[in-house]
1. Could you figure out which of (1) under 17 Å from residue C:273 (Cβ atoms); (2) aliphatic (A, V, I, L, M); (3) open to solvent by 20 Å² or more (accessible area, probe 1.4 Å) isn't true of residue C:181?
2. Do we have any residue at all in segment C:69-80 that's among the polar types (S, T, N, Q), more than 26 Å from residue C:379 (Cα to Cα) and buried (at least 18 other Cβ atoms within 10 Å of the Cβ)?
3. Within segment B:329-341, how many residues are surrounded by fewer than 23 Cβ atoms within 10 Å (Cβ to Cβ) and at the interface with chain A (Cβ under 10 Å from one of its Cβ atoms)?
4. Could you list all residues from segment C:121-134 that are in contact with a helix residue (DSSP H, G or I) (Cβ under 7 Å, 6 or more places away or on another chain), part of a helix (DSSP H, G or I) and open to solvent by 20 Å² or more (accessible area, probe 1.4 Å)?
5. Does any residue of segment B:186-203 turn out to be under 23 Å from the mean Cα position of the chain (by Cα), closer than 30 Å to residue B:101 by Cα and assigned to a strand (DSSP E or B)?
6. What single numbered condition from (1) in contact with a helix residue (DSSP H, G or I) (Cβ under 8 Å, 6 or more places away or on another chain); (2) away from chain B (no Cβ under 14 Å) fails to hold for residue C:75?
7. Restricting to segment A:69-81, count the residues that are of a type in the set (S, T, N, Q) and surrounded by 19 or more Cβ atoms within 10 Å (Cβ to Cβ).
8. For a quick check of your reading: which helices (runs of 4 or more DSSP H) sit entirely within segment C:347-425 and have at least 2 residues that are within 14 Å of chain B (Cβ to nearest Cβ) and under 18 Å from residue C:44 (Cα atoms)?
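The values are calculated or read from the model by the stated rules, or taken from the named source; none is laboratory data. Being a predicted model, the structure only gives us computed values, none of them experimental. A quick note on method: Cβ atoms are made from the backbone with ideal geometry, for glycine too, and the neighbour counts reach across all protein chains shown. Accessible surface areas use protein heavy atoms only, side chains included; no ligands, DNA or RNA. Shrake-Rupley method; radii C 1.70, N 1.55, O 1.52, S 1.80 Å.
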Amino acid sequence: MIAKLKGSYGSGIQALTYAGQNYILVDRSLIPDLLHVLRNEEQFDYCVDITAVHYPNRDKPFDVLWVLYSFARNERIRVTTQISDGETLPSSVPIWPGANWLEREVYDMFGIKFDGHPDMKRILLPDGWKGHPLRKDYPILQQDTEWVQINLGIESGQ
Amino acid sequence: MTESDSALSHLDLETPEKPFLDANELVINMGPQHPATHGVLRVILRLDGEKVLGLECVIGYLHRGVEKIGEHRTYTMFNPYVDRMDYVAAVSNGLGYCETIEKLLNVEAPPRAQYVRVILTELNRIASHQLWLGTHALDIGAITPLFYTFRDREEILKIYEKYCGARLTTHAFRIGGLQYETYAGFEQDVRNFLNFFLPKIDEYEELLTTNRIWVERTRNVGIISGKDCIALGVTGPVLRASGVKWDLRKAQPYANYKNFDFDIPIGQNGDTYDRYLVRVAEMRQSVRIIEQAVEAIPEGPIMAKVPKVIKPAVGEVYHSIEAPKGELGYFVVSDGSTQPYRVRVRPPSFVNLQALDKMCRGQLVADVIAVIGTLDIVLGEVDR
Amino acid sequence: MNSIVQYIQSYLASDKTPGAAGNMFWALVYIMLVFVGLSVAVIAMNWLERKILAHMQVRLGPMRVGPHGLLQPIADAIKLLLKEDIIPAEADGLIFWMAPFIVVLAAFTVFVVVPFGPTHAITDMNIGILFMLGVSSLSVLGIVMAGWASNSHYPLIGALRSSAQMVSYEVAMGLAVVSAILMTSLNATGTGTLSMIGIVQAQQAQGEWFIFKFFPLGLIAFFIFAVAMVAETNRAPFDLAEAESELTAGFHTEYSGFRWSLFFLAEYSAMIAVSSIAVTLWLGGWLRPFPNLLSGGIWELVFSFFPGVTFLFFAAICFYNTVRMPKHPLFRIQTIGLAAFGVVLALIGLVLFIPAVSMRVQDIFWFATKVAAFMYLYIWYRGTFPRYRFDQLMQMGWKVLLPMGLGVLILTASVALLQQKLWHP
């Protein structure tokens with residue numbers, strides 16, 4: 001499968017393995033097409049998870065990854081792409097409706113926006129919150145003091 | 001983006017723009033303080049009389065930032081935190097986390113530890129399903145099963161208490177095996193529990209399975225097809241009740257589940273009644289697994305060789321297990337230090353809850369309660 | 001002075017109810033007795049429901065306040081009376097204030113015609129059963145007012161549900177009642193009665209409780225009534241109006257303290273009221289079991305022991321549990337309390353053995369026993385059944401009970417007519 005994908009996309013795809021698990025590193029530009037192909041041609045019909053990792057020291061600081069599973073092949077694959085801060089990604093809700101909340105959570109935690117998402121807003125944190133907590137430059141004790149004071153009527157949540 | 005994708009064609013996800021206040025519509029807030037939302041779930045319902053036109057879940061009231069905490073604790077220190085996510089199935093959470101880190105370290109727990117793990121996890125699955133059954137029945141108005149299930153769940157918690165001192169958030173496993181050797185009489189306790197528990201399942205079924213009101217309230221309520229389940233990422237008993245025979249314990253066996261003989265119960269209609277039957281059948285299957293495991297516990301060490309300070313090599317691992325509520329996944333990135341660089345939890349309740357809108361549209365208010373119950377969500381896990 | 005005594009005494013030998021005899025003093029006494037008796041019954045019912053339900057659910061129920069929680073209802077009542085009476089800022093004050101009183105008024109007024117015995121009723125109206133059904137359905141008004149005045153979503157939905165439910169089940173209930181009234185006309189004159197006392201006397205005259213009359217027609221009518229009355233009082237499995245898992249507490253969500261306790265009081269007295277109707281219409285009211293089969297002096301004597309024996313039995317349970325109480329000094333007061341309660345019960349039991357008393361309370365005893373059986377059923381339902389959904393409830397009312405009621409009514413009428421034409425020409 002990887003060979004076939006490589007054949008059609010060339011150098012944009014890098015196949016890697018760690019601890020017996022396959023994952024592919026994909027160029028940002030290939031993302032919408034590749035996910036479509038994986039869903040429709042390679043039968044990865046179940047989007048397990050969408051998440052991101054923040055590497056603040058890199059050029060493109062965010063890894064966004066899709067964990068996919070195919071019921072027909074009983075196989076898992078991870079698709080990883082690197083994007084820079086402020087860059088957006090195409091939403092995969094049209095491909096897997098279940099990606100809806102997962103993408104919202106990535107937005108909530110990392111501030112990565114997904115184009116074409118039906119309802120791109122925060123999910124776990126309150127709507128007016130400032131900052132994206134899972135970024136590495138967000139200290140663990142930080143909070144949106146202003147929000148806390150206005151909405152909860154207390155000095156601090158800590 | 002290309003249009004008219006097959007995954008979307010059968011799902012009605014668009015919410016047409018309408019004036020917010022319509023004389024025919026009633027917008028009510030269910031929760032966050034509501035007896036039937038199992039915690040602090042808030043559901044905004046748009047009603048036409050009693051009929052549900054649409055709903056939106058507002059979550060996050062219990063958000064504690066577990067993933068952020070994970071980045072600031074060592075691998076070992078983070079272990080008890082995972083118990084606090086799905087607090088009714090804490091052992092399953094622990095199993096998933098420990099196995100993920102073991103995978104990252106490339107070690108495997110010794111056989112004895114594996115068997116004890118399976119026993120405790122399956123006991124936990126029973127406990128989780130019992131709690132689900134009691135509260136679900138309570139939501140639908142049958143108050144008695146709650147006390148029956150809690151009476152029997154107590155026996156499981158007693159075994160936990162004797163094993164590791166804790167009842168709910170057990171922290172039962174360690175990375176690489178078990179912290180504690182089983183106490184003397186552990187096997188006998190488990191066997192006694194199984195003998196005690198099998199007739200109790202019949203007792204629950206006597207109360208509900210053929211109860212006419214129960215059947216009327218649950219059959220054809222909250223129907224979701226297997227196709228929709230897969231598209232929405234719904235897993236666990238909900239998926240199986242829709243007729244998809246998929247269980248991670250069989251599909252991609254972890255721990256030593258491949259050593260055990262058990263069936264995957266499935267339903268046909270994907271309605272609330274089928275989900276009830278599937279979960280009850282799962283309790284029986286768990287009993288089967290425990291019966292086999294407790295007879296076959298080998299002697300031997302309980303811990304693999306794991307360094308005192310856990311420093312996995314640079315890399316990333318996704319590992320998932322079949323928690324009582326569905327696929328529970330952990331994605332851990334290591335940067336070679338003593339702390340995980342990133343811990344991501346893929347909570348089953350969170351993803352399953354997305355299906356609520358799909359399952360409730362066009363049904364009545366009372367059905368929303370039944371469906372929230374049947375999804376078996378734990379808000380600690382949804383919000384993390 | 002003499003004339004007052006005479007006035008008071010004049011009623012004692014009467015064979016009429018005080019209302020019918022026109023004796024206002026005794027009517028007042030009866031009203032007080034019924035009111036106090038009802039309040040005690042509600043308190044006892046509260047304790048019994050919690051206790052019985054608890055034992056059905058493998059738990060103990062109230063155990064702390066008094067021995068075996070006997071004083072729990074009193075503690076609850078004190079708590080409710082002392083609680084702050086909150087009227088929500090957005091609520092419609094006057095209507096919010098009035099609603100519980102209307103509900104309570106409706107629930108208590110019906111007891112004016114409930115016959116505890118041939119003379120033990122406040123009054124005997126010739127339209128008794130009609131009065132009872134009419135007044136008891138007034139409580140819908142209070143419920144709608146409560147739901148509307150709360151100015152909140154859940155109470156509003158609860159009130160709508162509950163009024164729709166009560167109105168639709170009243171139809172089936174009415175049909176069942178009519179078929180029982182038809183049976184009262186099976187006598188020489190061919191005229192029936194709506195008087196509650198008259199209905200029981202008709203059963204006495206015909207030598208058969210109406211539940212067994214024209215088997216199975218009477219039984220079916222009784223069954224329809226028994227289902228409709230549970231729905232009418234908004235109790236499980238028809239407790240949609242206060243379905244706590246859906247609507248938190250239904251129409252009384254916004255009520256607290258004393259006002260809430262009025263709703264509670266009304267609910268329980270309404271349960272007793274509809275059970276009284278069922279007992280009067282189908283189970284022979286105050287008549288003792290087997291009045292024909294087991295007649296004669298010896299049986300009269302045996303049955304006259306029943307009230308006393310019952311109380312002695314309860315006293316025995318108390319004494320048994322007194323002995324079983326833990327011997328720890330902390331339990332001393334509880335043990336003494338339970339023993340004292342047992343002594344009180346035993347004394348009442350002994351008093352009830354006095355022939356003069358026993359003859360007078362016979363009727364009341366049998367009536368109360370039958371009503372108590374219904375109360376137990378109410379608790380039993382609550383412990384066993386899940387809750388119906390609203391559409392299923394309506395379906396049951398309109399599509400099952402109503403046609404059944406109509407069918408039973410037509411059949412009863414035909415059979416009654418045939419009987420009168422053929423057997424008693």
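1. Going through (1) under 17 Å from residue C:273 (Cβ atoms); (2) aliphatic (A, V, I, L, M); (3) open to solvent by 20 Å² or more (accessible area, probe 1.4 Å) one by one, residue C:181 breaks only (1).
2. No, the conditions are met nowhere in segment C:69-80.
3. Quick first cut of segment B:329-341, residues surrounded by fewer than 23 Cβ atoms within 10 Å (Cβ to Cβ) only: B:333, B:335-339, B:341.
Now narrow it down to the ones that are at the interface with chain A (Cβ under 10 Å from one of its Cβ atoms): B:333, B:335, B:341.
Qualifying residue count, segment B:329-341: 3.
4. Step one: of segment C:121-134, the residues in contact with a helix residue (DSSP H, G or I) (Cβ under 7 Å, 6 or more places away or on another chain) are C:121-125, C:128-129, C:132-133.
From what is left, the residues that are part of a helix (DSSP H, G or I) are C:128-129, C:132-133.
Result: C:133, single match.
5. From segment B:186-203, those under 23 Å from the mean Cα position of the chain (by Cα) are B:190, B:193-194, B:197-198, B:200-202; that's our starting set.
Of the ones still in play, those that are also closer than 30 Å to residue B:101 by Cα are B:190.
After this cut, where a residue has to be assigned to a strand (DSSP E or B) as well, the list is none.
Checked segment B:186-203: no residue is under 23 Å from the mean Cα position of the chain (by Cα), closer than 30 Å to residue B:101 by Cα and assigned to a strand (DSSP E or B).
6. Of the numbered conditions (1) in contact with a helix residue (DSSP H, G or I) (Cβ under 8 Å, 6 or more places away or on another chain); (2) away from chain B (no Cβ under 14 Å), the odd one out for residue C:75 is (1).
7. Residues of segment A:69-81 of a type in the set (S, T, N, Q): A:70, A:74, A:80-81.
Imposing the further condition that a residue be surrounded by 19 or more Cβ atoms within 10 Å (Cβ to Cβ) reduces the set to A:81.
Residues that pass the stated criteria total 1.
8. Working: elements: C:355-384, C:390-395, C:402-418.
Output list reads C:355-384.
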